[in-house]
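The values are calculated or read from the model by the stated rules, or taken from the named source; none is laboratory data. All values derive from a computational prediction rather than experimental measurement. Using ideal geometry, Cβ is built from the backbone for each residue, glycine included, and neighbour counts are taken over all protein chains shown.
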Ligand code: FES
């Protein structure tokens, strides 16, 4: 990354004065997204993949094409360009909602950078809305300029969004680089397990959480796929799900499937067998 950009990003991440705004905004978003159906819809649980990065392509693509038409088709492309600007504005609504939901689960420097990402996107949206109105009221030239500036802000914001994902790891499956063993591995004494009390063990270098539930022993990877929270410090509910202590994602003990976001990737599950009062695990489907 060019040094100047690195300094700008570092400066934003260090700016603790942003916390006063971001803390309140994140608390508000978390209240709105508290219902499981809302959180699951916005996170992308139903898709099995984070939804926000999928949606961002729509307004960026629409506004990019509008500017391309402005630059290459002139008056001939005016109507199509206006429609593209309008379509991008419609697509911003779900895109911003999913982004806000993801952002509210971040903390510290990442949350500050995410706040600036959202502010740039908001400014870009205002410019595109002004552009759409200008185009509709016959001031095409002003609309073209407003769209161009808006697209520039969107590009800067997209850079920060990429940094949030690829450098800070927001939205990345935190078990992606684990290498679960396919060999049966002795990890604990059966007597160490208390009903519905998670126990963290090590299976060939991979942290695993064991839970005795309804008499059976279940095992999942202990590192939450969402952001790396310790599932062994979470709670087990009566439905046989374990809840991450960090952001409340819930995973079915029987197969690791997500029952509540923000996690969208299932928790890796492990086969369990009991032999001579010892608990042995191996990666499922190994
Ligand atoms: S780390 Fe976010 S829900 Fe587990």
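All conditions in (1) out of contact with any strand residue (DSSP E or B) (no Cβ under 7 Å at 6 or more places or on another chain); (2) within 21 Å of residue 178 (Cα to Cα); (3) more than 16 Å from the ligand (Cβ to nearest atom) hold for residue 228, with the sole exception of (3). Among the helices (runs of 4 or more DSSP H) confined to region 1-78, the ones with at least 1 residues that are surrounded by 14 or more Cβ atoms within 10 Å (Cβ to Cβ) and touching a strand residue (DSSP E or B) at 6+ places or on another chain (Cβ under 7 Å) are located at 36-43. Residues of region 160-191 that are touching a residue at least 12 places away in the same chain (Cβ under 8 Å), loosely packed, with under 14 Cβ neighbours inside 10 Å and assigned to a helix (DSSP H, G or I): 191 alone.
Residues satisfying the criterion are absent from region 88-97 (criterion: within 16 Å of the ligand (Cβ to nearest atom), under 16 Å from the mean Cα position of the chain (by Cα) and assigned to a helix (DSSP H, G or I)). The residue of region 130-147 that is surrounded by the fewest Cβ atoms within 10 Å (Cβ to Cβ), among those that are assigned to a helix (DSSP H, G or I) and out of contact with any helix residue (DSSP H, G or I) (no Cβ under 6 Å at 6 or more places or on another chain), is 141. On the given criteria, is residue 210 touching a residue at least 24 places away in the same chain (Cβ under 8 Å) and under 21 Å from residue 280 (Cβ atoms)? Yes; evaluated as a whole, the condition is true for this residue.
Considering region 213-225, and only residues there that are part of a loop (DSSP other than H, G, I, E, B) and touching a residue at least 40 places away in the same chain (Cβ under 8 Å), the residue that is farthest from the ligand (Cβ to nearest atom) turns out to be 225. On inspection, residue 202 does not qualify as within 15 Å of the ligand (Cβ to nearest atom), in the same structural domain as residue 267 (by TED's automatic domain parsing) and at pLDDT 95 or above.
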